[in-house]
């Protein structure tokens, strides 16, 4: 009888120990998983003072940001987790010119980047397509229509068509899926000086940031403007523009009493009109001369301290160097 009691006690102790061990194993596995999760720093400091990055996008497969450079005519890659920076393509490689808009087609592993000289009236404005894995040039699409052109930013729809703003021609060009040439999609003084561009989740509307008239909503199928000119100032002088969870986010360039800022633009139920603004950040020295941004995992990655104001875009030399600050990628939680 005593022996049986002893065995029973040992069995209870063994069961308890097993439960404790399973609990500790669970905790250990949980901590390992938590430690292996990809974390995003609060900011990234750009190593090159004279880079002047303009376009930015993110590749989940590479877990890296890709930035185009106006001053250096190249594209750099920044590791999301470590901040390590390296050239994706070198200065002038494959004939790449001063860089602006960047967009990554992650399904096809293609990086699209716009290049061109804004200050030169006879400059060729081009859309470059690079293999995301090798960095090799796949194709170069040029705007060859008569007149002055400067492709600036782009967005892709669910069918793989790319829409590009043409800042000097009040127009939108399109690279249709499978096509080898850029075509005029829409042209009107209603979108004078178009810059940033975004698309609704249902792919029915383009949002086009114009300098003076604000963001215009364009019905893609009818090719018709849906909203009135912005007379309030919610969306004037917007550069980078993104559609995210039913609303727009944009970088507003400072002028007069308006400081450089990052803002949310609330859309109405039909998503064709801005009805309200929410300032996310302003009066921030790190947000001086901001340019564009991308959105990753509920966070906006914004180019701040671009140093564009110091760059002579004719000679491509810097007017001042003593006052220049290091360019940063600023990270904002959107929820």
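The figures follow:
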quantity	calculated
Residue, surrounded by the most Cβ atoms within 10 Å (Cβ to Cβ), within the stretch 309-327, restricted to residues that are closer than 20 Å to residue 45 by Cα and either outside the structural domain of residue 290 (by TED's automatic domain parsing) or under 25 Å from the mean Cα position of the chain (by Cα) (or both)	327
Residues being in contact with a helix residue (DSSP H, G or I) (Cβ under 9 Å, 6 or more places away or on another chain), touching a residue at least 40 places away in the same chain (Cβ under 8 Å) and farther than 24 Å from residue 163 by Cα - total across the stretch 61-114	1
Checklist (1) out of contact with any strand residue (DSSP E or B) (no Cβ under 7 Å at 6 or more places or on another chain); (2) closer than 25 Å to residue 161 by Cα applied to residue 49, failing item	(2)
Scan of the stretch 88-106 for residues that are over 18 Å from the mean Cα position of the chain (by Cα) and over 17 Å from residue 151 (Cβ atoms), ordered by number	89, 90, 91, 92, 93
Residue match in the stretch 284-298 (condition: in a strand (DSSP E or B), exposed (fewer than 15 other Cβ atoms within 10 Å of the Cβ) and over 19 Å from the mean Cα position of the chain (by Cα))	no
Filter pass, residue 160 being in contact with a strand residue (DSSP E or B) (Cβ under 9 Å, 6 or more places away or on another chain) and part of a loop (DSSP other than H, G, I, E, B)	yes
Test: residue in the stretch 241-248 that is in a strand (DSSP E or B) and modelled with pLDDT under 95	no
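The values are calculated or read from the model by the stated rules, or taken from the named source; none is laboratory data. Note that this is a predicted model, so its numbers are computed, not measured. Here the Cβ is made from the backbone with ideal geometry for all residues, glycine too, and neighbour counts use every protein chain on show.
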